[in-house]
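Worksheet for the structure shown next.
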Amino acid sequence: MHRAHYPFTRIHATRYSFISEGKTPIVKIVEFSSSWKEGLYNLGFGDSKDGIILNDYAESNNGDIAKVLVTVIKIIMVFTEEFPTATIAFTGSTKQRTLLYNRILTKYYKLFSQQFTITGLVEAGGAVLEVAFDPTSSQEYLFYFVNRIN
């Protein structure tokens, strides 16, 4: 992705931080938490007042959401360069955030799909299924997964 992003710092193997420089400086944290399945990492993202605790419900409205999200995407790219077999799972902490992630994946699908396989969980007929992400679909995704194409 060749859009401008904020400089970021790797705090440790699975945690990164950067400063959103919109209306006011805000520390942002991106963290990859291991899960029950080997190689599956949950993506956590949010504001941090102390640089340690991540608040994924904060609504900073700092006027720089595009640059912030490009930075998160860049961090995912860096993380999956080091851990190329990792699967990154994410959803929004609210329904509105999940819809925002869907809009971003849809808008940048051509670019993302060159480097990542994108799938999502959908509810169909009372079951939850993992399906290929379709940027032309109006399907509501509950969760997203990205894997680097090796």
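The values are calculated or read from the model by the stated rules, or taken from the named source; none is laboratory data. None of these values were measured; they are calculated from a predicted model. Neighbour counts are summed over all protein chains in view; Cβ atoms, including those assigned to glycine, are modelled from backbone coordinates with ideal geometry. Accessible surface areas use protein heavy atoms only, side chains included; no ligands, DNA or RNA. Shrake-Rupley method; radii C 1.70, N 1.55, O 1.52, S 1.80 Å.
Structural remarks
- Options Arg97, Arg148; residue that is basic (Lys, Arg), closer than 15 Å to Leu43 by Cβ and either open to solvent by 60 Å² or more (accessible area, probe 1.4 Å) or out of contact with any helix residue (DSSP H, G or I) (no Cβ under 6 Å at 6 or more places or on another chain) (or both): Arg97
- Some residue of the range 127-139 being at pLDDT below 95 and under 24 Å from Asp56 (Cα atoms): no
- The residue that is most open to solvent (accessible area, probe 1.4 Å), among those in the range 54-92 that are closer than 19 Å to Ser35 by Cα, out of contact with any Ser or Thr (no Cβ under 8 Å at 6 or more places or on another chain) and in a loop (DSSP other than H, G, I, E, B), is Thr85.
- Cβ pairs under 7 Å, 6+ apart, first in the range 1-29 and within 19 Å of Tyr41 (Cβ to Cβ), second among the aliphatic types (A, V, I, L, M) and open to solvent by less than 70 Å² (accessible area, probe 1.4 Å): Phe8/Ile75; Arg15/Ile29; Tyr16/Val30; Tyr16/Ile75; Ser17/Val27; Ser17/Ile29; Lys28/Val68; Ile29/Leu54
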